[in-house]
Amino acid sequence: MGVTITEAAARHVASQLESRGKGLGIRLGVTTSGCSGMAYVLEFVDEPAPEDIVVEDHGVKVFVDPKSLVYLEGTELDFVREGLNQGLAFRNPNVAAECGCGESFTV
């Protein structure tokens, strides 16, 4: 199953890469952080790591390291607008709980 990206998120990421002027795609990962234990990490990829798992969806490449994939399996990356706020949202079926501010999660 892996990780997927919606068309809206792909358009947003492609636009950011174009504005940046370089990059192969984005890296999605997790790190130990926050009050719930884990937080998402999202960064541009200029050079892939040899162990990266690469998923291409809607013309955008998403790079995931194997250690993070355990926590991200089945996650959908979307671009959402809620009122004046907009940004990337993670729909992760593995999340058991999230902290009140939404910055960290536990599986």
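Assuming 0.36 nm per residue, please report the length gained on full extension of the stretch E82 to K22 beyond their Cα-Cα distance. Display every interim value, and only then the final one.
Numbers: separation 60, 0.36 × 60 = 21.60 nm, distance 2.90 nm.
Value of the extension gain: 18.7 nm.
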Notebook entry, point to check: Per-residue HN-Hα couplings for region 3-20, Karplus 6.51 cos²θ - 1.76 cosθ + 1.60 at θ = phi - 60°, whole Hz, x for Gly and Pro?
Noted result: 10, 10, 10, 6, 4, 5, 5, 5, 4, 5, 5, 4, 5, 5, 5, 5, 4, 6
Check: Over the C-alpha atoms of region 4-106, what are the Rg and the largest Cα-to-Cα span, Dmax, in Å?
Finding: 13.6, 40
Check: Distance in nm between label sites at H58 and T31, each 7 Å beyond Cα in the beta-carbon direction?
Finding: 2.6
Item checked: Value at 222 nm in deg cm²/dmol, rounded to 500, when DSSP H runs of n ≥ 4 in the chain each add -39,500 (n - 2.57) -> -6000 deg cm²/dmol
Next item on the list: In whole Hz, with x marking every Gly and Pro, tabulate ³J(HN,Hα) for region 56-69 from phi via Karplus 6.51 cos²θ - 1.76 cosθ + 1.60, θ = phi - 60°.
Entry: 10, 9, 6, x, 10, 8, 10, 9, 9, 7, x, 5, 6, 4
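Quick one: dipole size for the chain, taken about the Cα centre, charges +1 on Lys/Arg Cβ and -1 on Asp/Glu Cβ, in debye to the nearest 20. Could you put the intermediate results ahead of the total?
Numbers: 8 positive and 16 negative charges, 35 e Å.
Dipole magnitude for the chain comes out near 160 debye.
How high is the relative contact order of the chain? Use alpha-carbon pairs under 8 Å, at least six apart in sequence, and give a whole percent.
Numbers: 206 pairs, mean separation 33.8, N = 107.
That works out to 32 percent.
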Notebook entry, point to check: Each residue of region 75-84 in turn: what ³J(HN,Hα) in whole Hz from Karplus with 6.51, -1.76, 1.60 and θ = phi - 60°, glycine and Pro shown as x?
Noted result: 6, 10, 9, 10, 10, 10, 10, 10, x, 8
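Values quoted throughout were computed directly from the atomic coordinates according to the rules given, and no laboratory measurement underlies them. On a predicted model such as this, the values are computed, not experimentally measured, just so you know. Reconstructed Cβ throughout: ideal geometry from the backbone, glycine too, with neighbour counts over all protein chains shown.
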